[in-house]
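Chemist: Dropping the structure in here first, questions after.
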Amino acid sequence: MEFPMSEWLENHLPKIVLAPSFIAVLVFVYGFIGWTAWVSLTRSKLLPKYEIKGFIQYEKLFASPRWDTAFENLFVFGALFIIIAMVVGLLLAIMLDQQIRTEGLIRTIYLYPMALSMIVTGTAWKWILNPGLGLEATIKGWGYNDFSFDWIVNSEMAIYTIVLAAVWQSSGFVMALFLAGLRSVDGEIIKAAQVDGIPTWRIYTAIIIPSMAPIFLSAFIVLSHLAIKSFDLVIALTGGGPGYSTDLPATYMYAMAFSRGDIGQAASSAMIMMLVVFTIVVPYLYSELRTKNDG
Amino acid sequence: MKFTAIAAISSIAITSATSAIAGPEAEVLHWWTSGGEAKSVAVLQKEFADNGGTWTDMPVAGGGGDAAMAALRARVLSGNAPTAVQLKGPAIQEWYEEGVLADISSVAEAQGWSAVLPASIAGHMKCEGSWCAAPVNVHRVDWIWANASVLEANGINMPSTWDEFNAAADKLQAAGIIPLAHGGQAWQDATVFEAVALGILGANGFHKAFVELDEETLTSDAMVAVFDQMRKMRGYVDPNFSGRDWNLATAMVMNGEAAFQIMGDWAKGEFMAAGKVPGEDFLCLSTPGEGFLYNVDSFAMFAVDGEDKTEGQNLLAELIVGQNFQKVFNLNKGSIPARTDVALDEFDSCAHISAADMSASSLSGSLLPSYAHGMALRGAQSGAITDVVTAHFNSDMSSSEAVVQLAKAVANSY
Amino acid sequence: MADLSFDQTQQSKFGKTTLRIILYVLLTLFALYYLLPLFVMVTTSLKSLEEIRTGSLIALPREITFDAWKIAWASACTGIQCEGLRPYFWNSVLLAVPAVLLSTLLGALNGYVVAQWRFRGANLIFSLMLFGCFIPFQVVLLPMARLLGLMGIAGTIPGLIFVHVIYGIGFTTLFFRNYYVTIPSELVKAAKVDGANFLRIFWSIFLPLSIPIIVVTVIWQFTQIWNDFLFGVSFSQAGTQPVTVALNNIVNSTTGVKEYNVDMAAAIIAALPTLLVYVVAGKYFIRGLTAGSVKG
């Protein structure tokens, strides 16, 4: 096919092609973040109002014990989820890389949870984790009367059940990312290392894993995205409970906006959340893309 | 010229003919999506259709209306509000303040609503004097349900004071039966809390605390006593109560695992769906205390364009408060009609108790809106109170600390 | 493939077998962890309500019945209509297919530009676009509603497609960009020397090479869009609601009787398209990722 075009067009076409998406992102991501920032400075209740009234919403936010819990949970859950999902994903990928006979089947088993919506898988997990109905009851039924697994009904421990279910849902995807990376490492380097007598585990830690740094970036972005979006999961699994001990900023925001008719509060919590994400993600992105550029 | 005139006249004729054929229409946003609830709403749809109306259903389930509220906001902001929306309590007035509700006073006056609705309930349906919503039913929240045989086997009567309840509960615990079946979700904690509060604070105290949000009452010794009783209740539930759905708790009472449940009258539907007979298999009584906590479902009419839609709203409003719908819907749903002049012969014994109590409490001024179910306060305030209640229930917070937090949370929610 | 088969001169045969056994045991334990919820969901969907009420939730069904499945598909109540999930399936298809295709195409073009046509600021633009992956959807709900209303597409399928394409750009661009960056720039230089222009190079060189990454992107986007609930419920109205809204209505009824078997069956039915996509295209998924989508 021929696409004849003028000199000027040819030079500027890349920018022209990129422009619509970029403009869309400017408007629909940054523009909306700006809108949210504006609303967080107002006294909007049921519907947005635009009269700026100062930082009251933030004062109220920081005086709310429920927000304190939600905010703390963001770090606990976020850090644990991302780290554990990465470790599990990497571990599973390494195991699957060992030429397993039923690799296709096992890979599908690890990957399928991502395809399910949390609206109902949350209920299944809720039953499994409930001491009276699920795992604890079943294992006690087998005779192990000392077994106890009641995290989900315990205010201190419930957040870890969220991590458990979230890792279940996403680690398969991370595993797929890492497996591809493992498989694409240059075979020559490996053989050379083996000939040199370096033990297998050392080959993994010193050669293969470092060469997969870009995959860690993609995995990190995917997992952070899922951690922030973790709304359906929390609602289905614990409803934010016991009490509000498993509340997260996403559920706090939703409750404020839609059940409490307090959009100003929702906006301020959203801004704080975006700020946290910004301070963590931007440096990481910068360092990753900078090294990529040099390459 | 002639042609144009004829064409113009014919097109006008055709348009008016078409709009005459179109008739009243309504797009209805609600969250009655389960089998039983859907059947009840279908009654309204059929009546609407019988009167020439077209009903477009827009159901959004979940969370007692959270997802529906998200959808509603999006619809209102995009300039495309639904015709009628299932809204209740102060939320109706909140939306009115945004200027998006319609005025159905013409229907209300023509149908004489003021005469047949209890005063406090009628009050919820009005926005600054004009009518803006139509009530569907009256749910009673402060019920206590019990397994008849368990009570009999342990020689316990239905408690009429909280002390009696505690004594009965201790006896049951000793006998190895769970005294109170409870589901650890915030709204259920709030339901038990307000039932206890009504009993300990009395009707006036309840009104002061949860309608007027009087700080003195919120931090009073009586309120501390309410939290003390909640702490006791915490000891009467089984360890796995957290996150349990309300109907699973009802099942515990049904199969004798637990003796009591404090829950609104929709629990009756659960008992009856399992074939249990009120008075024989299960007992119903108001929770200890004087008063009646109501939860009224209603449809608010939103300001929409188009004659068809306004006609639809008026027709809908008329049918909702009509005798037939009020009877049939509530028979299916477990609540009682909002309309006081509906014959109750086909309703069961618990419904009769409810209706009698409703008129009595209306006369004595103890017919009170439920805070836990969004009738007494706006979302921000009731949510703030529930946060404290559920945090207290699920931790070892002291009662004195709880009342302090209660006052602070309310102050912080404005 | 990284061939790390244990060098036999280094490890004794006994050690090798032990490690192998440990490997398989670990794999099986993990498989159990992943399969447990599915097991609970499937067995529950095959039980009668009576059995669920009285039996243990993790036990196998005493009597297998497919009634729940039939109800979930064709007669479960999602409001006044009691027609199950079937009517909503088509809405989801109408919504997901164009949205996935559009966002994939845009991602391909964007990735191509950012990876191979380095102009000043390209990397900055890319980073800014990437940040769109992190915005929680609750934040954009209200302003988007207002904008969709102004554009006149609120409550329509095109409106939903629009929203999903916009918020998919970040990820699709990421995937394609990471992939195209591994294609040597000499290819482009040589093609330019041959007289090919921007679009020609994309069409004749990059697109044919992109099959694996297209599959990856399609799988990710399809899952996200098909399973989305928030946008689906807020930006649709009667007649355009996707299957997730119907599923929510079946599962989350507040004060009605809960039919857990129907709920589980409905959830599995709603997930079948995505499950199918994962199972069938799983192979291409790995191949697509292997072909350099995520390398530097």
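The values are calculated or read from the model by the stated rules, or taken from the named source; none is laboratory data. Nothing here was measured: the structure is a model prediction, and the numbers come from that model. Note: ideal-geometry Cβ built from the backbone for every residue, glycine included; neighbour counts use all protein chains shown. Side chains are part of the model used for accessible areas, which takes the heavy atoms of the whole protein and leaves out ligands, DNA and RNA. Shrake-Rupley method; radii C 1.70, N 1.55, O 1.52, S 1.80 Å.
Chemist: State all residues of the range A:136-150 that are at the interface with another protein chain (Cβ under 9 Å from one of its Cβ atoms) and either touching a Leu at 6+ places or on another chain (Cβ under 7 Å) or over 28 Å from C:Leu23 (Cα atoms) (or both); if no residue qualifies, say none.
Modeler: Residues satisfying the conditions are A:Ala137, A:Gly141, A:Asp150.
Chemist: Checking B:Glu109 against (1) touching a strand residue (DSSP E or B) at 6+ places or on another chain (Cβ under 6 Å); (2) surrounded by fewer than 20 Cβ atoms within 10 Å (Cβ to Cβ), which test does it fail?
Modeler: B:Glu109 satisfies all of (1) touching a strand residue (DSSP E or B) at 6+ places or on another chain (Cβ under 6 Å); (2) surrounded by fewer than 20 Cβ atoms within 10 Å (Cβ to Cβ) except (1).
Chemist: Would you say C:Ala108 is more than 25 Å from C:Ile161 (Cα to Cα) and not basic (Lys, Arg)?
Modeler: No: the conditions fail for C:Ala108.
Chemist: Looking at the range C:145-159, which of the residues that are part of a helix (DSSP H, G or I) and open to solvent by less than 20 Å² (accessible area, probe 1.4 Å) is farthest from the other protein chains (Cβ to nearest Cβ)?
Modeler: The extreme case among them is C:Gly159.
Chemist: Please find, among B:His139, B:His124, B:His207, the residue that is closer than 22 Å to B:Asn330 by Cβ and open to solvent by 10 Å² or more (accessible area, probe 1.4 Å).
Modeler: It is B:His124.
Chemist: Now for a different question. Sort out which residues of the range A:206-231 are within 23 Å of A:Thr121 (Cβ to Cβ) and more than 9 Å from chain C (Cβ to nearest Cβ), and write them in order of number.
Modeler: Within the range A:206-231, A:Leu223, A:Leu226, A:Ala227, A:Ser230 meet the criteria.
Chemist: Give the residue, chosen from A:Met157, A:Met114, A:Met118, that is open to solvent by less than 40 Å² (accessible area, probe 1.4 Å) and more than 7 Å from every other protein chain (Cβ to nearest Cβ).
Modeler: Step by step, each of A:Met157, A:Met114, A:Met118 is checked, and only A:Met118 is open to solvent by less than 40 Å² (accessible area, probe 1.4 Å) and more than 7 Å from every other protein chain (Cβ to nearest Cβ).
Chemist: Can you go through B:Ser364, B:Ser349, B:Ser335, B:Ser354 and tell me which one is over 20 Å from B:Leu87 (Cβ atoms) and buried (at least 19 other Cβ atoms within 10 Å of the Cβ)?
Modeler: Testing whether each residue is over 20 Å from B:Leu87 (Cβ atoms) and buried (at least 19 other Cβ atoms within 10 Å of the Cβ) leaves just B:Ser354.
Chemist: For the range C:56-69, what are the residues that are of a type outside the set (Phe, Trp, Tyr) and modelled with pLDDT of 85 or more?
Modeler: Correct list: C:Ile64, C:Thr65, C:Asp67, C:Ala68.
Chemist: Separate question: For the subset of the range A:256-282 comprising residues that are at the interface with chain B (Cβ under 7 Å from one of its Cβ atoms) and not aromatic (Phe, Trp, Tyr), which member is most open to solvent (accessible area, probe 1.4 Å)?
Modeler: So, considering only residues that are at the interface with chain B (Cβ under 7 Å from one of its Cβ atoms) and not aromatic (Phe, Trp, Tyr), the one most open to solvent (accessible area, probe 1.4 Å) is A:Ser259.
Chemist: Still on this structure: Looking at the structure I just gave you, is C:Ser204 in the same structural domain as C:Ser92 (by TED's automatic domain parsing), among the polar types (S, T, N, Q) and without any contact (Cβ under 8 Å) to a residue 40 or more places away in the chain?
Modeler: yes
Chemist: Still on this structure, I have one more. Would you mind stating whether B:Ala391 is in contact with a His (Cβ under 9 Å, 6 or more places away or on another chain), at pLDDT 90 or above and among the hydrophobic types (A, V, I, L, M, F, W, C)?
Modeler: Answer is no for this residue.
Chemist: With respect to C:Pro273, is the statement that it is modelled with pLDDT under 85 and surrounded by fewer than 20 Cβ atoms within 10 Å (Cβ to Cβ) true?
Modeler: Here the answer is no, as C:Pro273 does not meet what is asked.
Chemist: Taking A:Arg43 and the conditions (1) under 28 Å from A:Ala255 (Cβ atoms); (2) crowded, with 20+ Cβ neighbours inside 10 Å, which numbered condition does it fall short on, given that it satisfies the others?
Modeler: (2)
Chemist: Anything in the range B:270-286 that is at pLDDT 90 or above and open to solvent by less than 10 Å² (accessible area, probe 1.4 Å)? List them, or say none.
Modeler: Correct list: B:Phe282 only.
Chemist: Tell me which residues, restricted to the range B:152-202, are farther than 27 Å from B:Ile385 by Cα, among the hydrophobic types (A, V, I, L, M, F, W, C) and in a loop (DSSP other than H, G, I, E, B).
Modeler: Residues satisfying the conditions are B:Ile156, B:Met158, B:Ala175, B:Ile177.
Chemist: Further question: Taking B:Ser395 as the residue in question, decide whether it is polar (S, T, N, Q) and either away from chain A (no Cβ under 13 Å) or assigned to a helix (DSSP H, G or I) (or both).
Modeler: Judged against the criteria, B:Ser395 is not a match.
Chemist: Just the residues that are surrounded by fewer than 23 Cβ atoms within 10 Å (Cβ to Cβ) and either more than 20 Å from the chain's Cα centre (by Cα) or not assigned by TED's automatic domain parsing to the domain that holds C:Phe137 (or both), please, taken from the range C:207-247.
Modeler: Across the range C:207-247, the qualifying residues are C:Leu207, C:Pro208, C:Leu209, C:Gln237, C:Ala238, C:Gly239, C:Thr240.
Chemist: Identify, please: which residue in the range A:46-65 is open to solvent by less than 30 Å² (accessible area, probe 1.4 Å) and of a type outside the set (A, V, I, L, M, F, W, C) and is, among those, farthest from A:Ala219 (Cα to Cα)?
Modeler: A:Gly54
Chemist: Say we look at the range B:39-84 and pick out the residues that are open to solvent by less than 10 Å² (accessible area, probe 1.4 Å), at the interface with chain C (Cβ under 7 Å from one of its Cβ atoms) and part of a strand (DSSP E or B); which of these is farthest from C:Gly155 (Cα to Cα)?
Modeler: Only one residue fits best here, namely B:Pro59.
Matching residues to (1) part of a helix (DSSP H, G or I); (2) within 14 Å of chain B (Cβ to nearest Cβ); (3) open to solvent by less than 30 Å² (accessible area, probe 1.4 Å); (4) not basic (Lys, Arg):
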| residue | (1), (2), (3), (4) |
| --- | --- |
| C:Leu109 | yes, no, no, yes |
| C:Tyr112 | yes, no, yes, yes |
| C:Ala115 | yes, no, yes, yes |
| C:Arg120 | no, no, no, no |
| C:Cys133 | yes, no, yes, yes |
| C:Gln138 | yes, yes, yes, yes |
| C:Pro143 | yes, yes, yes, yes |
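Chemist: Can you work out which of the residues in the range C:70-103 that are at pLDDT 90 or above, within 11 Å of C:Gln241 (Cα to Cα) and within 12 Å of another protein chain (Cβ to nearest Cβ) is least open to solvent (accessible area, probe 1.4 Å)?
Modeler: C:Ser92
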